[in-house]
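J.: Here it is: the structure, laid out below.
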Amino acid sequence: DTFLHATDGSLAVDEVAIRALGVVPVGAELARSDGAGHDASRMAEALRDLVEGFARIESARTIALVVGLSVGQWLAIAASWWFGLAGVWPSAGFAAASFAASVVALSSIVPLVPGGLGVVQGAAILALSMFGLPAEPSLALAIVIHAVQAGVVLVLGAIALASEGIGLGSLASMRRGD
């Protein structure tokens, strides 16, 4: 997982946050279960990574910042679903929007196709059907929200790369190890 390390060899801030929350190591280990009894050693390794992630957090302020940013991000995602739902189903509540956002997020645990294309939409249809919304407007909303969220990530990623002076050619060279 060297791609998660900063250029000076230390762990990147996002890796510390992810490992501290245990999302990547535990989720990845569960997804790689081979059924041959190797799960215990993989889980032990994942738990070691989790503890290592916590050990690298140097202050309560950092923890509070990570938790605060995470809560803010989830609220923004739920709000985007809520505003989107208002366009196709005006009587939808924040609970339906939050549930849909959560189910869509959980659908990305097992990456079946690049970008979650189809999986995200299916998860949204399933989640919103539990609140009585028909499949067609659920699909339309899921497509729009997925496109907008992907677009925002692409634009912000391009801005971040440009601010660091990194171009696509540099990324390809880094990937090849040049």
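The values are calculated or read from the model by the stated rules, or taken from the named source; none is laboratory data. Just so it is clear, the model here is predicted, and its values are computed rather than measured. Reconstructed Cβ throughout: ideal geometry from the backbone, glycine too, with neighbour counts over all protein chains shown. Side chains included, ligands, DNA and RNA excluded: accessible areas come from the protein's heavy atoms. Shrake-Rupley method; radii C 1.70, N 1.55, O 1.52, S 1.80 Å.
J.: Being assigned to a helix (DSSP H, G or I) and either open to solvent by 60 Å² or more (accessible area, probe 1.4 Å) or modelled with pLDDT of 95 or more (or both) is the filter here; which residues of the range 104-114 pass it?
T.: Within the range 104-114, L106, P114 qualify.
J.: A further question on this structure: Suppose the filter is open to solvent by 30 Å² or more (accessible area, probe 1.4 Å) and either of a type in the set (S, T, N, Q) or under 13 Å from H146 (Cα atoms) (or both); does V119 pass it?
T.: Criteria met by V119.
J.: Any residue in the range 155-172 that is in a helix (DSSP H, G or I), closer than 18 Å to S80 by Cα and at pLDDT 90 or above?
T.: yes
J.: Go through A44, A28, A101, A17 for me and flag whichever is under 18 Å from the mean Cα position of the chain (by Cα) and modelled with pLDDT of 85 or more.
T.: Going through A44, A28, A101, A17 in turn, the sole match is A101.
J.: Output yes when any residue across the range 72-90 is in contact with a Ser or Thr (Cβ under 9 Å, 6 or more places away or on another chain), at pLDDT below 85 and surrounded by 11 or more Cβ atoms within 10 Å (Cβ to Cβ), and no when none is.
T.: Within the range 72-90, none of the residues are in contact with a Ser or Thr (Cβ under 9 Å, 6 or more places away or on another chain), at pLDDT below 85 and surrounded by 11 or more Cβ atoms within 10 Å (Cβ to Cβ).
J.: For the range 123-165, enumerate the residues that are surrounded by 14 or more Cβ atoms within 10 Å (Cβ to Cβ) and over 21 Å from A97 (Cα atoms).
T.: Within the range 123-165, just L161 meets the criteria.
J.: Checking the structure you have, find out if any residue of the range 80-92 is within 19 Å of the chain's Cα centre (by Cα), in a helix (DSSP H, G or I) and aliphatic (A, V, I, L, M).
T.: no
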